[in-house]
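Heads up: the structure comes next, in structure tokens.
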Amino acid sequence: MTRDGETPHAVVPPATALEPGIAIKGVWHRYGTRVALADVSLQVARGEIFGLLGPNGGGKTTLFHLLATLMPLTEGQVELLGYDLRHAASAIRPHLGVVFQHPSLDRKLTVYENLRHHGHLYGMSGQPLRERIQVVVQRLGLTDRRAELVETLSGGLQRRLELAKAFLHGPALLLLDEPSTGLDPGARLDFMAYLEYLRDQEGVSVLLTTHILEEAEHCDRVGILHQGRLVAVGTPDELKARVGGDVVVVQTPDPAALQRQIHERFGCAPIVVDGSVRVEMAHGHTFVRDVVEAFAAQIQAVTFSKPTLEDVFIHLTGHRFWESGE
Amino acid sequence: MMQSFDDKASHALRRAALAVLTLWWREMTRFLRQRSRWGSALAQPLVFWVLLGGGMQASFRPTDVPAGTGYMEYFYPGVLTLVMLFTAIFATIAIVEDRREGFLQGVLVAPVTRTSIVLGQALGSTTLALLQGVLFLLLAPLAGLHLSLGALLLVVVVLFCIAFTMTNLGLIIAWRMRSTQGFHAIMNLLLMPLWLLSGAFFPLTGVPLWLLWVMRCNPLTYGIAALRRSLYLAHPDAVGAVPSLAPALGLTVLFGVVTLLAAVYTARQSAL
């Protein structure tokens, strides 16, 4: 621990290498009387990309700020890389790489200057820092842009530089708050590919928060945070398996009436979400045929799909993903 | 055991120095790249000096200022201090913007103590203020002041202390602020009166008793006094009735230290 400054690449003391990246137990957080986190417990393994999915206001950013050592932990236990967050925050910081939702770059400095400034803050300097910057800019495809002012870079490149910065000092744990905010879908995929690269090549553990469902699909495991509670944790496939087969959504002028009729006729339990009737069931394709035959006059449209994470969210909370938080 | 403790201490000190230095360097680089900032702290005091100095010249007849001292000359140290004040204000506004735009959050999660962060910010702003102050010193002959090298060095030391104190005051406010609008309000209510009631604008003599005490309690009064004493190092008689150099300078240094401690305390209490 005393040699952090000289060994920016050496990441974790061996004694703690077997500890999970993140272990959260029974964490609560309140802003006055409003509960932002309610009894949240989860673990992130070494070398895992964990996505914390939830609508805005669901508690993601609160948890992120706690983990990033920016807010005191009031209730519960958190260990990062085996260190107790409450008592050893300053021991954790050198091993933590953080990407914020809002850019933390200095727009008036060049790519290289931003990285050098960051390296100095982490106790790196001189030749080792120069070499490390070279490695990182090359890895993230920023070598040609080294001398350019950050304000002249595209949004995608700026996000990439954020990642380069967070990774410069060789952290064992990366925390990212809505990392792909403002990126188009292509750049978002690129960004996820870089995270996967860091996981595979450097064994980095990653926790990212997101409200973008496609982004969560790329995580090894996903936790769904809704109104401060962790309502589900699992791989994207495990979560989708909970939905119980296929998803059939029926558009109709009178959803309440159709909901009742479908229930009476087929014995299943449709729900009304956002003005349409929704049924989760195995062999949804035959149900589509049956329901159209039975209620042709009332139906405007029917969609049939394999469950997505949005369906998981609806299944667990009874809300559409987008309307529930905003 | 002792050896390893010393190693640890010197290692920690080196890291702290590196952090302070890199934060300082960033302030310099940003300033050099934002040309619009170059003149901003100089132009307004200069206009004040020329217009107010010229306008008040005829009616300025204070009791305890030696005969023959025009208002342009009397006001010169005040304007020099105003340059420090404005630069400190601009620099601390930049820190509020750092927070708003997100740069500061990256610094706050780094393994750097708040003390280092505050020192880096304070020394950065102070350097900028000092650079502009020295530039303004070139105009001293226009005020009828001719400085020896010794006086010049002393003036620079005093300006450093004044700028450092001002910046720390700015930082104490900036670390509590979320928006720059709030900062402007506080500046008008606190920092400007601090300057107005320091003997920069008018002497302490002949003012009502309550005002005299306000001015006596104003830390900046002693900064201005130290500045006048250094500017007139060779002609102490020409200064008029202001505190003498040693106590004035001592108090100015003391206020610098106290405001720094207060700024560090404020930064430590600040969550994000």
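Remark: segment A:166-181, residue by residue, has Karplus-estimated 3J(HN,Hα) of 5, 9, 3, 8, x, x, 8, 9, 10, 10, 10, 9, 6, x, 9, 3 Hz, where x stands for each Gly or Pro and the curve is 6.51 cos²θ - 1.76 cosθ + 1.60 at θ = phi - 60°.
Residues of segment A:182-224 falling in the label zone of A:VAL135, defined by backbone nitrogen less than 20 Å from a point 7 Å along Cα to beta-carbon, are A:194-206.
Just checking the listed ones, A:GLU162, A:GLU131, A:GLU310: in the Gaussian network model of chain A with Cα springs under 10 Å, the one fluctuating most is A:GLU131. The phi-based Karplus calculation (6.51 cos²θ - 1.76 cosθ + 1.60; θ = phi - 60°) puts the 3J(HN,Hα) values of segment A:256-264 at 5, 5, 5, 4, 5, 5, 5, 4, 5 Hz, whole numbers, x for Gly and Pro.
Across segment A:244-306, Cα pairs under 8 Å and at least six residues apart give a relative contact order of 51 percent. Structural descriptor for chain A: relative contact order 21 percent, calculated from alpha carbon pairs under 8 angstrom and at least 6 residues apart.
Centre-to-centre separation between the Cα atoms of segment A:28-44 and those of segment B:121-186: 46 Å.
Distance between the pseudo-spin-label points of B:SER40 and A:HIS263 (7 Å out from Cα toward the beta carbon): 6.4 nm. Across segment A:128-137, rounded Karplus estimates of 3J(HN,Hα) from the backbone phi angles (6.51 cos²θ - 1.76 cosθ + 1.60, θ = phi - 60°) give x, 5, 4, 5, 5, 4, 4, 4, 5, 5 Hz, Gly and Pro being marked x. Shape analysis of segment A:192-232 based on the Cα gyration tensor places the equivalent ellipsoid semi-axes at 22, 11, 7 Å, largest first. Counting only lysines at least 8 places from A:LYS240 when in the same chain, those with an alpha carbon closer than 19 Å to its own are A:LYS306. Using a Gaussian network model of chain A in which every pair of alpha carbons under 10 angstrom is joined by a spring, one finds that among A:SER90, A:SER180, A:SER41 the greatest mean-square fluctuation is at A:SER90.
With contacts taken as Cα pairs under 8 Å and at least 6 residues apart, segment B:2-269 reaches a relative contact order of 25 percent. Tell me the volume per residue, in Å³, of the convex hull enclosing the alpha carbons of the protein assembly as shown. Residue-normalised Cα hull volume stands at 208 Å³. Against the longest alpha carbon principal axis of chain B, how many degrees, from 0 to 90 and to the nearest 10, is the axis of helix B:219-231 turned? For B:219-231 against chain B, the angle is about 60 degrees.
Of all lysines in the structure, those lying under 28 Å Cα to Cα from A:LYS165, and not within fewer than 8 positions of it along the same chain, are A:LYS60, A:LYS108, B:LYS8. Taking a Cβ cut-off of under 15 Å around B:PHE183, the surrounding Lys, Arg, Asp and Glu residues balance to a net charge of +1, with basic ones at +1 and acidic ones at -1. Site pair B:LEU261 and B:LEU149 shows an inter-label distance of 3.8 nm when each label is modelled 7 Å from Cα along Cα→Cβ.
Cα-based radius of gyration for segment A:14-235, normalised by 2.2 N^0.38 Å, reads 0.99. Each residue in B:TRP195, B:TRP38, B:TRP210, B:TRP175 was given a count of other beta-carbon atoms within 10 angstrom of its own, and listing them fewest first yields B:TRP210, B:TRP38, B:TRP195, B:TRP175.
Bear in mind these aren't lab numbers, they're just calculated from the coordinates by the rules spelled out. What you see is a predicted model, and the numbers here were worked out from it, not measured in a lab. Cβ atoms come from the backbone with ideal geometry, glycine included; neighbour counts cover every protein chain shown.
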